[in-house]
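Novice: Once you've had a glance at the structure underneath, I'll fire off some questions.
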Amino acid sequence: MIEIEQARELLAKAVETQGWDFVYNPGGNGPCKYEPISVHEAGGNPDDPRTKTGCLIGVVLGMVDENRHRGLSNTIDALGEGALRGLMSHETTRYFRVAQHAQDAGRTWGAAYDAAEAHYRAHYAR
């Protein structure tokens, strides 16, 4: 099970795969998926960043060799309650949700990480 402290480390490593200034979802326009989308899904745009990598949480899940999320477009909350039940703690699911929402809204991966960390400090830090 991915506990919150491991989640924090994984999220930081996932951000590093593309960089802190990387914007996965420019303008907050979907689709956001856990794996790279096709150029067709990107409206024929081969420069769409979503064709380069999956979303931030998809990268995290790949780092722990998890594949049950592939092909799904559910939120991390829905996955945590369904296909990925038992993979992560409730706190981890909430932490990842904050990062996922920031990324999906068009913010940088660094900003998504910062938002998740602010959530951690507000709710879990001791």
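The values are calculated or read from the model by the stated rules, or taken from the named source; none is laboratory data. None of the values given here were measured: they were computed from a predicted structure. So basically every Cβ, Gly included, is an ideal-geometry build from the backbone, and we count neighbours across all protein chains shown. We work out accessible area using only protein heavy atoms, side chains counted, and drop any ligands, DNA or RNA first. Shrake-Rupley method; radii C 1.70, N 1.55, O 1.52, S 1.80 Å.
Novice: Calculate the dipole size of the chain relative to its Cα centre from +1 charges on Lys and Arg beta carbons and -1 charges on Asp and Glu beta carbons; express the result in debye to the nearest 20.
Specialist: With only Lys, Arg, Asp and Glu charged at Cβ, the dipole is about 180 debye.
Novice: Also, quick follow-up: How far is the Cα center of the stretch 69-87 from the Cα center of the stretch 15-53, in Å?
Specialist: Cα centroid to Cα centroid, the span is 20 Å.
Novice: Scan around residue 20 for amide H atoms under 5 Å from its own, H built in the peptide plane at 1.01 Å from N, and keep only partners 5 or more places away or cross-chain.
Specialist: none
Novice: Pop out the carbon and sulfur fraction of the accessible area of the chain as a percent, whole number, probe 1.4 Å.
Specialist: Reported share for carbon and sulfur atoms: 47 percent.
Novice: Could you order the peptides 105-116, 18-29, 38-49 from most to least packed, using the average number of other C-beta atoms within 10 Å per residue?
Specialist: Packing proxy ranking, top to bottom: 105-116, 18-29, 38-49.
Novice: Okay, next question. Enumerate the calculated ³J(HN,Hα) couplings along the stretch 88-98 in order (Karplus 6.51 cos²θ - 1.76 cosθ + 1.60, θ = phi - 60°), each rounded to whole Hz, writing x wherever the residue is Gly or Pro.
Specialist: 9, 5, 4, 4, 5, 4, 5, 4, 5, 4, 4
Novice: Another question, then. Residue 88's amide H: which non-local residues (gap 5+, or another chain) put their own amide H closer than 5 Å, with H modeled 1.01 Å from N in plane and none for Pro or chain starts?
Specialist: Residues meeting the amide H criterion: 2.
Novice: Still on this structure, I have one more. With every protein chain kept in place and ligands, DNA and RNA left out, what is the accessible area per residue of the chain? Probe 1.4 Å, answer in Å². Let's see the in-between values first.
Specialist: Details: 6220 Å² over 126 residues.
On a per-residue basis, 49 Å².
Novice: Using θ = phi - 60° and the Karplus relation 6.51 cos²θ - 1.76 cosθ + 1.60, list the HN-Hα couplings for the stretch 71-78 in order, rounded to whole Hz, with x at every Gly or Pro.
Specialist: x, 9, 10, 5, 5, 4, 4, 5
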